[in-house]
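The values are calculated or read from the model by the stated rules, or taken from the named source; none is laboratory data. Values in this document were obtained by computation on a predicted structure and should not be read as measured data. Ideal geometry is used to build each Cβ from the backbone, glycine not excepted, and the neighbour counts take in all protein chains shown.
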Amino acid sequence: MYSTKFPVNQWTMNIAVNCYCLLNRVGFGFAILGSFFKCGYEPDVTTFSTLINGLFLDDSVVEAEKLFKKLLTRKLCEPNEVTILTVINGLCRAGHTLTAYDLLGVFEKTIWKPDVLSYSTVIDSIQGLCNSGR
């Protein structure tokens with residue numbers, strides 16, 4: 001990225017993180033995160049949402065949960081609806097539907113009010129579990 005004529009800024013770095021995560025190369029996405037700091041940029045909610053999604057896509061559920069908890073405890077940035085839905089969807093896809101449902105309850109009482117889409121994600125996951133005999 002640096003050797004080309006393309007401008008390197010927070011936006012283009014987020015695009016690179018997203019590309020690596022979608023290619024199941026989340027490790028390279030975290031390497032770009034290191035470049036954020038070297039270039040004097042602060043990673044934002046988009047950066048962290050993308051990395052969390054990449055970890056879920058890589059079946060690294062524990063690491064995704066750890067990053068999300070770190071995001072909250074260290075106040076790295078304020079999670080938005082996309083971040084929260086990414087975590088809920090990732091947990092449901094990984095079979096952790098009850099954890100996702102509990103998380104909805106926690107968010108409902110604190111920082112964010114779940115909407116129809118949030119509950120639909122969990123309900124669809126529960127329905128899938130019931131249909132598969134779990």
Scanning segment 68-96 for residues that are in contact with an Asp or Glu (Cβ under 8 Å, 6 or more places away or on another chain) and small (G, A, S) gives A94
Restricting to segment 40-78, name every residue that is touching a helix residue (DSSP H, G or I) at 6+ places or on another chain (Cβ under 6 Å) and in a loop (DSSP other than H, G, I, E, B). Y41, P43, D58, C77
Pairs please, first residue from segment 7-36 and part of a loop (DSSP other than H, G, I, E, B), second anywhere and modelled with pLDDT under 90, Cβ atoms under 7 Å, 6+ apart in sequence or on different chains. V8/M1; V8/Y2; V8/C39
Looking at (1) closer than 30 Å to G105 by Cβ; (2) surrounded by 14 or more Cβ atoms within 10 Å (Cβ to Cβ), which is the only condition S35 fails? (1)
